[in-house]
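J.: Here it is, the structure, as structure tokens.
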Amino acid sequence: MTAADELARKTCVPCSGGVPPMSREEAQAHLPAVPGWTLGENPTHLVRAYRFKDFMEAQDFAVSVGRVCEAEGHHAEIAYGWGHCTVKFWTHKIDGLHENDFVMAAKVNRLPFG
């Protein structure tokens, strides 16, 4: 089983705060398990941009991401328009990255797109 498979099989554990966010170095070490995702600026975010042939494909993908987020109780910032969708994860309570963000990225990577 790959690291991506292991992450995608996990469920998000509610974060009540009080734990430090991942350091940039820790987050970079997790990136190989979520191909296509990059680290944003401080506070650190996990970001991926997708391209689609039209508005409806982008919207359908955004809705699919939203459904995964709702099922896990860990919500993304999703921006989409004609032919594009950007998904961003971070853990608001710690204002940075947590393993949950990588779990969600792995789950989103399994969604069909494009």
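The values are calculated or read from the model by the stated rules, or taken from the named source; none is laboratory data. Treat the numbers as computed from the prediction; the structure is a model and nothing was measured. Please note: Cβ atoms are built from the backbone with ideal geometry, for glycine as well, and neighbour counts cover all protein chains shown. With ligands, DNA and RNA removed, areas are computed over all heavy atoms of the protein, side chains included. Shrake-Rupley method; radii C 1.70, N 1.55, O 1.52, S 1.80 Å.
J.: Within the range 64-114, track down each residue that is aliphatic (A, V, I, L, M), touching a Leu at 6+ places or on another chain (Cβ under 9 Å) and touching a residue at least 60 places away in the same chain (Cβ under 8 Å).
T.: Listed by number, the residues that qualify are 97, 103, 104, 105, 106.
J.: For the range 63-71, does any single residue satisfy the condition of being modelled with pLDDT under 95, assigned to a helix (DSSP H, G or I) and either touching a helix residue (DSSP H, G or I) at 6+ places or on another chain (Cβ under 6 Å) or among the basic types (Lys, Arg) (or both)?
T.: No: the range 63-71 contains no residue that is modelled with pLDDT under 95, assigned to a helix (DSSP H, G or I) and either touching a helix residue (DSSP H, G or I) at 6+ places or on another chain (Cβ under 6 Å) or among the basic types (Lys, Arg) (or both).
J.: Only residues in the range 22-44 that are hydroxyl-bearing (Ser, Thr, Tyr) count as the first member; pair them with residues that are open to solvent by 80 Å² or more (accessible area, probe 1.4 Å), Cβ under 7 angstrom, at least 6 apart or cross-chain, and list the lot.
T.: Filtered contacts from the range 22-44: 44/24.
J.: Now a separate question. So, in the range 65-114, of the ones that are of a type in the set (Ser, Thr, Tyr) and open to solvent by 40 Å² or more (accessible area, probe 1.4 Å), which residue ends up farthest from residue 44 (Cα to Cα)?
T.: 80
J.: Residues in the range 9-22 that are open to solvent by 40 Å² or more (accessible area, probe 1.4 Å) and at negative phi: how many?
T.: Residues flagged as open to solvent by 40 Å² or more (accessible area, probe 1.4 Å) and at negative phi within the range 9-22 amount to 9.
J.: Then there is this: Looking at the range 97-109, which of its residues are more than 14 Å from residue 3 (Cβ to Cβ) and not aliphatic (A, V, I, L, M)?
T.: Result: 98, 100, 101.
J.: Which of the residues spanning the range 40-64 are more than 10 Å from the chain's Cα centre (by Cα), open to solvent by less than 30 Å² (accessible area, probe 1.4 Å) and not polar (S, T, N, Q)?
T.: 40, 50, 52, 58, 61, 62
Yes/no matrix, rows are residues, columns are (1) at pLDDT 95 or above; (2) of a type in the set (S, T, N, Q):
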{"residue": "11", "(1), (2)": "no, yes"}
{"residue": "16", "(1), (2)": "no, yes"}
{"residue": "21", "(1), (2)": "no, no"}
{"residue": "50", "(1), (2)": "yes, no"}
{"residue": "96", "(1), (2)": "no, no"}
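J.: Just checking, how many residues over the range 1-17 are in a loop (DSSP other than H, G, I, E, B) and without any contact (Cβ under 8 Å) to a residue 12 or more places away in the chain?
T.: So the answer is 1.
J.: Oh, and also: So which residues in the range 24-38 are surrounded by fewer than 17 Cβ atoms within 10 Å (Cβ to Cβ) and closer than 26 Å to residue 1 by Cβ?
T.: 25, 26, 28, 29, 31, 32, 35, 36, 38
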